[in-house]
Number of protein chains: 2
Amino acid sequence: MFEAKIIVTLRSSILDPQGSAVATSLQSLSYPVPEVRIGKYMELTLQASDEQEATALLQIICQKVLANPVMEDYRILQLTRKEE
Amino acid sequence: MFEAKIIVTLRSSILDPQGSAVATSLQSLSYPVPEVRIGKYMELTLQASDEQEATALLQIICQKVLANPVMEDYRILQLTRKEE
């Protein structure tokens with residue numbers, strides 16, 4: 001078993017209305033925060049026999065399911081073996 | 001100016017229906033992923049004169065606005081000075 005931590009963010013050229021709304025709210029509360037961008041953080045448990053297999057599986061899952069490659073980027077933060 | 005990267009996750013004792021839905025979808029596509037938990041990832045630009053002030057401001061914003069401390073935890077991944 002492997003545990004993976006990944007981040008999915010909107011590409012920098014894509015507008016982020018959710019982030020803008022949070023930035024506007026923070027500014028209206030007088031916090032000096034000119035910009036906010038929001039993405040997703042995911043922790044997955046994967047069944048794989050070795051790290052290479054886990055990485056390959058994770059890449060496929062990210063590209064096909066978790067991120068929309070047209071407008072999002074993904075980044076693998078961490079991939080660690082977990083005791084079963 | 002500082003750039004901060006933070007992660008907000010549901011506490012481990014709190015059910016994550018969004019993560020469960022993603023795990024179920026992945027399993028129905030035959031990916032060996034028994035568990036998924038989903039959180040938020042945020043990149044903030046902060047106006048502060050030094051790192052200490054930026055950290056203090058970020059802690060306040062996370063506790064009061066970005067995370068709900070009753071059911072969420074937050075973690076500061078990175079805090080870096082940015083050229084203006």
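Counting only residues that are among the acidic types (Asp, Glu) and facing chain B (nearest Cβ under 7 Å), how many does the range A:11-66 have? So the answer is 2. On the basis of being under 19 Å from A:Ile7 (Cβ atoms) and either at pLDDT 95 or above or not aromatic (Phe, Trp, Tyr) (or both), does B:Val70 make the cut? Spelling it out, it is not the case that B:Val70 is under 19 Å from A:Ile7 (Cβ atoms) and either at pLDDT 95 or above or not aromatic (Phe, Trp, Tyr) (or both).
Residue-by-condition table, conditions (1) assigned to a loop (DSSP other than H, G, I, E, B); (2) free of Cβ contacts under 8 Å to residues at least 24 places away in the same chain; (3) more than 30 Å from B:Thr45 (Cα to Cα):
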position: A:Val22; (1), (2), (3): no, yes, no
position: A:Gln27; (1), (2), (3): no, yes, no
position: A:Val33; (1), (2), (3): yes, yes, no
position: A:Glu43; (1), (2), (3): no, no, no
position: A:Ala48; (1), (2), (3): yes, no, yes
position: A:Ile60; (1), (2), (3): no, yes, yes
position: A:Gln63; (1), (2), (3): no, yes, no
position: A:Asp73; (1), (2), (3): no, no, no
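Tallying residues that are out of contact with any Phe, Trp or Tyr (no Cβ under 6 Å at 6 or more places or on another chain) and within 23 Å of A:Ser13 (Cα to Cα) within the range A:28-39 yields 6. Checked against the criterion of being of a type in the set (Val, Ile, Thr) and crowded, with 20+ Cβ neighbours inside 10 Å, the candidates A:Ile6, A:Ile76, A:Ile14, A:Ile60 yield just one match: A:Ile6.
Take B:Ser20 and tell me if it is within 21 Å of A:Leu57 (Cα to Cα), touching a strand residue (DSSP E or B) at 6+ places or on another chain (Cβ under 8 Å) and modelled with pLDDT of 95 or more. Yes.
The values are calculated or read from the model by the stated rules, or taken from the named source; none is laboratory data. Note that the structure is a prediction, hence the values are computed from the model and not measured. Don't worry about glycine lacking a Cβ; one is built from the backbone with ideal geometry, like all the others, and counts go over all protein chains shown.
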